Amino acid sequence: MSDPHELKVLNPATEEVVATVPAAGAQDVDAAVERAARVQPKWAALPPADRARQLRRFADTVDRHIEELARLEVREAGHTIGNARWEAGNARDLLLYAAGGTERLLGSQIPAPGGWNVTFHEPLGVIGVIAPWNFPMPIAAWGSFPALAAGNAVVLKPAETTPLTALRLAELALEAGLPEYLFQVLPGHGHTAGRALVDHPDVAKIVFTGSTDTGREVMERCARLVKPVTLELGGKSPNVVFADADLEAALDPFSFLDNAGQDCCARTRVLVQEPVYEEARDLLADALASVVVGDPADEKTRMGPLISRRQVDRVRSYVPEDAPALRGVAPDGPGFWFPPTVLTGERPDSPAAGEEIFGPVAVLLPFTDEEDAVRLANDTPYGLSGSLWTRDIGRALRVSRAVRAGNLSVNSHSSVRYWTPFGGFKQSGLGRELGPDALTAFTETKNVFISTEGPAQ
Ligand code: NAD
């Protein structure tokens, strides 16, 4: 039996215990929110340039610890070392970008007869951030850093399996001189600490990233308090490949294998136009066979393990032994491994083609023409991301407007940049993170009318 008062962090590549961390309960959440509410008004009252300077010092401190943070991410989440370095760098860069936003959090002046009308972006207060295990460091940063820059305090609950990089970021914030209790990290279980944060009346907003089912519950609980919420949920994103595309680039298997497929933006529905279907299948078969899966700390490794035994079992449930598929290889022995896989015999309405598997598994499906491609791409309750590949610019423009998803790329598989907006349509979420409006999402707009007519008689 595991102790509900502690979290055991396992190295997913070896199954060894990396650390044991106390699990916060509801009372710990209450105490953290109370402390955060005490320091937040002083932080909000600082001149924006002072807040910016402190956040830049935090960024410098993160920068000096990139390698340490990356190695920690490798140990607790099994990310390849190259990816983990990028993730730590992403946290640093977002801090710098958000810091620049403090002085640009501009209101407007709206013409009104008899006086002046101005708007202000007021900070909300204490923000609760609930992060998942798939990108522990960047997602903690995306929810927290713009909120801090906008003048809020943050209480962050990382996922049960991956609390270590978030805890280290909070230590680095203190080391950089940020006020005590402004950015607190409370590891804990979702059904205790997570719920307590969501239900707390003094938490002004929740930023949740994780599964659609849990996101739905979080939204229902927030509704009781009319609490705003940002939701970044699941995905089942299409990769639409027309016959005129650069097939080798379009069928890069890392469009769905990055982070062992535990990526809400993974392009796991590979839709290929019929005339090039066979060629696409052969290209994918060759590409999968050459993917190096193994020790994530090895610089040559391209794909590491999954996060947990539970996740391996879940992924395996979608891939029966006898399913028609293209398969790569994964290590045997300790660790949570699953080979890169493309299912080739699925129907568009099968569970594997419709549900978020969250592992290194894609489905390959043919389509006939542009209309069929758009229909298939949109045939999902999700709408987070997607790619489309064609040399016909008119078609690229038409299809990119017709596909109902928040983050699309044309002739590229790129998706997330800290300076562009990120978020989903439909059941992939609500609200946007990152980009030029990231800070505004953590403010209320206040309108003030100032009469020029003197006090009313
Ligand atoms: P989850 O959604 O249950 O957990 C995400 C976070 O929410 C964790 O920090 C967890 O502790 C917290 N949480 C759980 N229940 C809560 C509650 N009732 N109230 C408040 N917070 C709560 O995800 P999971 O169980 O770790 O993974 C299950 C599946 O979710 C995965 O297999 C995958 O399909 C999907 N998932 C998607 C994403 C994504 O980014 N889209 C991320 C993680 C998991």
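Brief remarks on what is shown
- Exposure of Y181 as accessible area (Å², to 10), given a probe of 1.4 Å and all protein chains: 80
- Region 238-410 - percent relative contact order, Cα under 8 Å, separation 6 or more: 28
- Reciprocal mean inverse distance between Cα atoms of region 238-410 - Kirkwood radius, Å: 16.3
- Karplus (6.51, -1.76, 1.60) ³J(HN,Hα), θ = phi - 60°, over region 341-349, in Hz, Gly and Pro reported as x: 9, 10, 7, 10, x, 7, 8, x, 9
- Note on N411 and E278: their simple-model spin labels are 2.8 nm apart, each label 7 Å out from Cα toward Cβ.
- Net charge of Cβ neighbours under 11 Å - reference T20; Lys, Arg +1; Asp, Glu -1: -1
- Inter-centroid distance (Cα atoms) of region 419-457 relative to region 2-28, Å: 38
- For E278, the accessible surface of its heavy atoms amounts to roughly 100 Å² (probe 1.4 Å, protein chains only, rounded to the nearest 10).
- Amide H partners (placed H, <5 Å) of V129, local residues excluded: V155, L156, K157, V207
- Here region 238-410 carries DSSP beta bridges of which approximately 15% are antiparallel, counting only pairs with both residues inside.
- For the chain: accessible area per residue (Å², 1.4 Å): 43
- Entry for region 146-200 at q = 0.25 Å⁻¹: log10 I(q)/I(0) = -1.03, Debye formula applied to identical alpha-carbon scatterers, no solvent contribution.
- Paramagnetic label zone (point 7 Å from Cα along Cα-to-C-beta, T14; backbone N under 14 Å) in region 308-351: 334-336
- Geometric extent, Cα atoms of the chain - Rg, Dmax (angstrom): 23.2, 85
- Phi angles across region 269-286 convert, under the Karplus curve 6.51 cos²θ - 1.76 cosθ + 1.60 with θ = phi - 60°, into 3J(HN,Hα) values of 10, 8, 9, 10, 5, 3, x, 10, 4, 4, 4, 5, 4, 5, 4, 5, 4, 5 Hz, Gly and Pro given as x.
- Stretch gain in nm, segment V292-D369, where the contour uses 0.36 nm per residue and the Cα spacing is subtracted: 24.2 nm
- Distance between the 7 Å Cα→Cβ label points at D3 and A112: 5.8 nm.
- Among the listed pairs K8/K205; K157/K227; K42/K446; K42/K205; K205/K426; K205/K446, those whose Cα-Cα separation exceeds 26 Å are K8/K205.
- Full extension of the segment from D392 to D30, taken as 0.36 nm per residue of separation minus the current Cα-Cα distance, would add 124.7 nm.
- Summing charges over neighbours of R391, with a neighbour being any other residue whose Cβ is under 13 Å away from its Cβ, gives -2 when K and R count +1 and D and E count -1.
- Distance from the alpha carbon centroid of region 367-381 to that of region 277-326 works out to 25 angstrom.
- Global geometry of region 1-89, whether rounded, prolate or oblate, following the gyration tensor of its Cα atoms and the 1.5 cut on a/c: oblate
- Backbone phi angles across region 145-151, fed through the Karplus curve with coefficients 6.51, -1.76 and 1.60 (θ = phi - 60°), yield HN-Hα couplings of 5, x, 5, 4, 4, 7, x Hz in residue order; Gly and Pro are listed as x.
- The solvent-accessible area of D349, taken with every protein chain present and a 1.4 Å probe, is close to 110 Å².
- Per residue convex hull volume, Cα atoms of region 83-138, in Å³: 118
- Average Cα contact separation per residue, the chain, under 8 Å, 6 or more apart, as relative contact order %: 19
- Net charge dipole, the chain: roughly 1300 debye, given to the nearest 20, about the Cα centre with Cβ charges of +1 for Lys and Arg and -1 for Asp and Glu.
- Where a label projected 7 Å from the Cα of T119 along Cα→Cβ would reach, residues of region 422-457 with amide N under 20 Å: 422, 431-451
- Split the accessible area of region 238-410 by element, probe 1.4 Å, and carbon with sulfur accounts for 48%.
The values are calculated or read from the model by the stated rules, or taken from the named source; none is laboratory data. Bear in mind that the values here come from a model prediction, so they are computed numbers and not experimental data. Note: ideal-geometry Cβ built from the backbone for every residue, glycine included; neighbour counts use all protein chains shown. These accessible areas exclude ligands, DNA and RNA; they are computed on the full protein's heavy atoms, side chains included. Shrake-Rupley method; radii C 1.70, N 1.55, O 1.52, S 1.80 Å.
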